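The values are calculated or read from the model by the stated rules, or taken from the named source; none is laboratory data. Computed from a predicted structure; not experimentally measured. Note that each Cβ is placed from the backbone with ideal geometry, even for glycine, and that neighbours are counted across all protein chains shown. Quick note on the areas: whole protein, heavy atoms, side chains included, nothing else; ligands and nucleic acids left out. Shrake-Rupley method; radii C 1.70, N 1.55, O 1.52, S 1.80 Å.
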Amino acid sequence: MEDNKHIIISLGGSLIVPNEIDTKFVQSFVEMIKTYIAKGFKFAIITGGGKICRKYNDALKEIVDPTNEELDWLGISLTRANSEFVRIAFGEYAYESVVRDPDDMPDTIKPVIMSAGWKPGNSSDLAAIHAARSLGALKIINLSNIDYAYDKDPKKYPDAVKIEKSNWADFRKILPEEWNPGLNAPFDPVAAREAEELGLEVVIMNGKNLANIEKYLNGEAFEGTVIK
């Protein structure tokens, strides 16, 4: 069953652990989500690994020559650690454990389900898409440290243009063809293909701006990229 009040959040790992664990952000995020639970919303939150995954990947490459699958499993373990941290922070609001398979989301009265990395060859973005399909959710909020997605990397190209609204066919043109561990792109290209097939709405916005996230949940004007 499709559900407009069941929201999937892909929570970037760099919001949770930019350098050290950002307890202030996690606490504020949890309290904000609780206010929408009181309004009848339910959430599945998929945590990523972020910069810490790339740090671990780079460190491992200094020691051995790991395979992509080995790098994936390393990243998956870090995303799950992030998810467990946030799950415990939600207390009684969260389902009892971090869900490992987004295709098998639990039938629970708990308003928050936590999940994370899934299996090699798949990103947390793709896990969010599969969670949406499993739960019948229509919308995914992708939270990272950027205000908008751009047509190219704004850190490298001063003429990069922010994208406020796009359809999946156009948005996929700015993404690489395939996903790989540690990819630094606004959205996983494999996940983008599946989101298009499912007709999902994905919003990319800055997770640090909680007031802006509230505007989106309230149906008000907000800053961010909408792809549908």
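Observations, loosely collected:
- Residue that is least open to solvent (accessible area, probe 1.4 Å) [pool: residues in region 146-159 that are of a type in the set (F, W, Y) and in a loop (DSSP other than H, G, I, E, B)]: Y148
- Any hit, region 93-111, residues being open to solvent by 40 Å² or more (accessible area, probe 1.4 Å), at pLDDT 95 or above and either on the phi > 0 side of the Ramachandran plot or among the small types (G, A, S) (or both): yes
- Test result for P189, within 16 Å of the chain's Cα centre (by Cα) and free of Cβ contacts under 8 Å to residues at least 24 places away in the same chain: yes
- Of the residues making up region 125-139, those that are open to solvent by 20 Å² or more (accessible area, probe 1.4 Å) and of a type in the set (A, V, I, L, M) number 2.
- For beta carbons closer than 9 Å, sequence separation of 6+ or different chains, a first residue in region 58-73 that is without any contact (Cβ under 8 Å) to a residue 40 or more places away in the chain and a second that is aliphatic (A, V, I, L, M) and open to solvent by less than 100 Å² (accessible area, probe 1.4 Å), the qualifying pairs are L60/L71; L60/L74; K61/L71; P66/L60; P66/L74; E70/L60; E70/V64.
- Extreme residue, farthest from V226 (Cα to Cα), among residues of region 160-179 that are open to solvent by 50 Å² or more (accessible area, probe 1.4 Å) and modelled with pLDDT of 90 or more: V161
- Residue that is open to solvent by less than 20 Å² (accessible area, probe 1.4 Å) and at pLDDT 95 or above, where the choices are I88, I46: I46
- Of the residues examined, I76 is not one that is crowded, with 18+ Cβ neighbours inside 10 Å, within 14 Å of G117 (Cα to Cα), at pLDDT 95 or above and in contact with a Pro (Cβ under 8 Å, 6 or more places away or on another chain).
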